[in-house]
1. Mind counting the residues in the range 380-400 that are assigned to a strand (DSSP E or B), of a type outside the set (Ser, Thr, Tyr) and in contact (Cβ under 8 Å) with a residue 24 or more places away in the chain?
2. Among the listed residues Ala339, Ala377, Ala326, Ala334, which satisfies the condition of being surrounded by 20 or more Cβ atoms within 10 Å (Cβ to Cβ), of a type in the set (A, V, I, L, M) and in a loop (DSSP other than H, G, I, E, B)?
3. Of the numbered conditions (1) touching a residue at least 24 places away in the same chain (Cβ under 8 Å); (2) over 14 Å from Phe392 (Cβ atoms), Asn359 fails exactly one; give the number of that condition.
4. Would you mention how many residues in the range 235-252 are touching a Phe, Trp or Tyr at 6+ places or on another chain (Cβ under 7 Å), open to solvent by 50 Å² or more (accessible area, probe 1.4 Å) and part of a strand (DSSP E or B)?
5. I'd like the full set of residues that are under 23 Å from Ser100 (Cβ atoms), in a helix (DSSP H, G or I) and not small (Gly, Ala, Ser), limited to the range 56-85.
6. Being more than 30 Å from Gly164 (Cα to Cα), part of a loop (DSSP other than H, G, I, E, B) and at pLDDT 95 or above: is that true of Glu291 here?
7. Going residue by residue through the range 147-154, is there one that turns out to be of a type outside the set (A, V, I, L, M, F, W, C) and either under 15 Å from Leu83 (Cα atoms) or open to solvent by less than 40 Å² (accessible area, probe 1.4 Å) (or both)?
8. If you go through the range 276-309 one residue at a time, how many are open to solvent by less than 50 Å² (accessible area, probe 1.4 Å), more than 60 Å from the chain's Cα centre (by Cα) and at negative phi?
Amino acid sequence: MDEHMITGSMSTTGECVSKKRKKNRLRVLSAALAASLVLAGSTVFSQVGYAVSVDGQVVGSGRNIDEIKEAVEHVEERVSGILGEEYILDKVSYEKYIGSADTEEELERALMESVECVEEMYVLKLNGAAVAGAVSEADINSAVNMVMEKYAPEIDGNISYIEGMETAFEYAPCDLLMTAEEIASAIDPETGTAGATVMSVASEETFETVSFDVEYTIDDSMYQGESRVVQEGSDGEIVTTWSVEYENGQEVSRSAKSVETSVEPVNEIIAQGTMERPYYMSYGSYIWPAEGVITSYYGYRDVSVGTSYHDGLDIAGQYRSYVVAADGGRVIYAQYNSALGNLVKIQHDNGDITWYGHNDELCVSEGDLVGRGQVIAYMGSTGVSTGNHVHFEIHRDGQSVDPLDYLP
């Protein structure tokens, strides 16, 4: 039989990691073609074909020489594109034989299988560039999951993906083959040589308190200045659901998907009295009984013979300046006292009793009803006193208390 030879050499270097697997496949093809040649010796076939060998190893068959050359050119162009440099099939030869031949597609595939530095694999691409390959697609999925778990936010229900990533099953350089761990390391956003960008979208809820308002109503059954809470107020709540975008675990944007009032606020309602109050009615709080300077405070103080306990507050002012009722009430004492001189005591609606001592002159009598701020005496220095002042006491539950705790 005639024999033809197409010779050439490869411009690539290095050994293919899957060389052993490829050679095993070539042995199967060679055995099949050899069987066809033996059969051709005992059977009449109507078709003449050519067995195609690469570097002495039968890889496939073709119907004619032009078809074989075209297939070789296609494969060389294809491999050159994969490797990024010129590639020439090594020592392609063909030998005539009688029998069926491969289709063009089958022959090109057989020639591709003979190339030791490319391998059909699952290829991981980032923005169109191949960055890693694996024998199993599960290895790529495992690597991608490792990276996404590392950089995706720890929020339930987040949707994560690697930007510009795609996977294809195709021929690629053998040195692209990696384990799942190696692929994860290669595409790690921070440390990988082909750092990926992990994008995540998560749903997040934020809660905002809505303060309640206060409404006022009138109540003619209460005195002016009095009030009561008709309805307690309570705050409401607004829930905002956000779509939050993360890049490599860091938030880059957010937009509101919905805003809902989960709890309506309840306004507080306060009733205010409108009925005119008697002038002598207590307010329950106190005003200063005189204008002046504090010269002695409540509690222990130094005296000429040691210390004594002072039950009130001394407010010094001008002689015969006004002394007024600190709150409305009834006068229960208005006379001279050996220690406190001209003394007035007023009982208030809450049970407190206020004392006003050392006055020069009293303006009220026992049993009188007086209003807050009403003049009840003129400041003086009667009784045991060293100067013009008013001695002011507040008695609560039968005990004197520090007036400063109750004055504005």
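The values are calculated or read from the model by the stated rules, or taken from the named source; none is laboratory data. Only a predicted model underlies this, so the values are computations on that prediction, with no experimental measurement involved. When we count neighbours, we look across all protein chains shown, and the Cβ atoms used for this are built from the backbone with ideal geometry, even at glycine. Only protein heavy atoms, including side chains, enter the accessible area calculation; ligands, DNA and RNA are left aside. Shrake-Rupley method; radii C 1.70, N 1.55, O 1.52, S 1.80 Å.
1. Within the range 380-400, residues that are assigned to a strand (DSSP E or B), of a type outside the set (Ser, Thr, Tyr) and in contact (Cβ under 8 Å) with a residue 24 or more places away in the chain number 9.
2. Sole residue among the options that is surrounded by 20 or more Cβ atoms within 10 Å (Cβ to Cβ), of a type in the set (A, V, I, L, M) and in a loop (DSSP other than H, G, I, E, B): Ala326.
3. Asn359 satisfies every listed condition except (2).
4. 2
5. Hits for the range 56-85 are Ile65, Asp66, Glu67, Ile68, Lys69, Glu70, Val72, His74, Val75.
6. So Glu291 passes the test.
7. Checking the range 147-154: at least one residue is of a type outside the set (A, V, I, L, M, F, W, C) and either under 15 Å from Leu83 (Cα atoms) or open to solvent by less than 40 Å² (accessible area, probe 1.4 Å) (or both).
8. 1
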